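The values are calculated or read from the model by the stated rules, or taken from the named source; none is laboratory data. Keep in mind the model is a prediction, meaning the values are calculated, not measured. So basically every Cβ, Gly included, is an ideal-geometry build from the backbone, and we count neighbours across all protein chains shown.
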Ligand code: SF4
Ligand code: SF4
């Protein structure tokens, strides 16, 4: 049984309860949302890694990746070797009006050329502007967060190991050259002095 005015009392009770609760409304755009680090906002293209293998375009369920390329002949690496051909990227675009943010293209890319960026503020008034061409996709790369740190017990990634090996080799080569130069100067101080004098005389 309900008495007159009970509905109003219930309504006021709900209002009072809600008034004392903490607000969950985000005041966007005055306050930026606190996004998870791996948020799927937009896709960035690291063009240097792309070999135009077309895997991403083939696997995209929405067919919204557009790639154009042509072949170029590269001279042999060593004399007597064979000429090789390589793909050169002419166009790489993603239509974000069609994209469903499934992430398949990023997952399947064997060369780490595509990355998620948490940027989401790219709404457009013209739908055609939602097709981002390679220059725009490259710009998004600046907003891609750093990958999480490796587990201390993890194996060193082979790319880092190879880069470190190359840097060590170069440093050793430079050190050997510097040592050889020092040795040469110690063994022939007079020759070096004469050379310096000759240079000075030529200058005057
Ligand atoms: S996220 Fe999915 S839908 Fe969007 S471009 Fe990549 S594969 Fe296509
Ligand atoms: S899968 Fe990766 S490497 Fe292959 S075309 Fe797509 S972005 Fe380029």
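Quick check: anything in segment 74-89 closer than 30 Å to residue 123 by Cβ and not in a loop (DSSP other than H, G, I, E, B)?
Yes: one or more hits.
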Number of positions in segment 43-69 that are within 12 Å of the chain's Cα centre (by Cα) and either within 11 Å of ligand 1 (Cβ to nearest atom) or buried (at least 20 other Cβ atoms within 10 Å of the Cβ) (or both):
4
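Here is a yes/no grid of residues against (1) at pLDDT 95 or above; (2) under 19 Å from residue 48 (Cβ atoms); (3) within 16 Å of ligand 2 (Cβ to nearest atom):
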site: 66; (1), (2), (3): yes, no, yes
site: 69; (1), (2), (3): yes, yes, yes
site: 73; (1), (2), (3): no, no, no
site: 76; (1), (2), (3): no, no, no
site: 99; (1), (2), (3): yes, no, yes
site: 103; (1), (2), (3): yes, no, yes
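A quick yes/no check of all residues on (1) in a loop (DSSP other than H, G, I, E, B); (2) more than 10 Å from ligand 1 (Cβ to nearest atom):
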{"site": "101", "(1), (2)": "yes, no"}
{"site": "111", "(1), (2)": "yes, yes"}
{"site": "115", "(1), (2)": "no, yes"}
{"site": "120", "(1), (2)": "yes, yes"}
{"site": "136", "(1), (2)": "no, yes"}
{"site": "153", "(1), (2)": "yes, yes"}
